[in-house]
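Handing you this structure, nothing more for now.
We did not get these values from a lab; they are worked out from the coordinates using the rules stated. Computed from a predicted structure; not experimentally measured. For neighbour counting, all protein chains shown are included, and Cβ atoms are generated from backbone atoms with ideal geometry for every residue, glycine included.
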Amino acid sequence: MPKLTNPVPVRYTVYILCVVTFFMSLPLSLIYTPMAFVTALTGLLSMLGTYDLLQRRHTISRNYPIMANFRYLFEAIGPEIRQYFIQSDTDERPFSREQRTIVYQRAKDILDKRPFGSQLNMYEEGFEWMSHSLALAALLLKTRDAVKKSMYP
């Protein structure tokens, strides 16, 4: 049986540091008042990490307490950062953000349709479009008759 080199997984490092810092700064904050800010901050982060470990809804939060919340924060402000600094939602390297969002929504059984239009540029050169028409049968008849006339003068 292989020897366990690290009894605590690395993914809990931030949580453990917050808890240890909280308990070390607690008596210091009674002596040195400005240390109360560090105590309060690490206490709040420790409570958040404990909640993350005990909840059962998000596996990322359970596996990476505290750090997963930063991921969710960056995911929430991601559209603004991409829009103003990096790229659009339709740049495909390797998949567009739009395609990835649809996959995430389908995996969570969330409505994956976006009503009221598209973010794609429909007037871009080379954009393929299939137009809906109620008069399709009449168009086919006219085309067929035109082809017959050109073939059999």
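Report the dimensions of the stretch 10-107 along its three principal axes from the alpha-carbon atoms, largest first, rounded to Å.
If we take the Cα atoms of the stretch 10-107, the spans are 56, 31, 19 Å.
Grab the Cα-Cα distance for VAL8 and MET47, subtract it from 0.36 nm times how many residues apart they are, and report the gain in nm with one decimal.
Taking VAL8 through MET47 to full extension adds about 12.1 nm, to one decimal.
Expressed in nm to one decimal, what extension gain is obtained for the pair MET122 and ALA40 from 0.36 nm per residue of sequence separation less their Cα-Cα distance?
Stretched fully, the MET122-ALA40 segment lengthens by 24.3 nm.
To continue, here is another question. In nm, what is the difference between 0.36 nm times the number of residues separating ARG56 and GLU75 and their Cα-Cα distance?
4.8 nm
Using a cut-off of 14 Å between beta-carbons, work out the net charge of the residues near LEU48 (Lys and Arg +1, Asp and Glu -1, LEU48 not included).
+1
Quickly rank 42-49, 68-75, 105-112 as a protection proxy: mean count of other C-beta atoms within 10 Å, highest first.
Per-residue mean Cβ counts within 10 Å order the peptides as 42-49, 68-75, 105-112.
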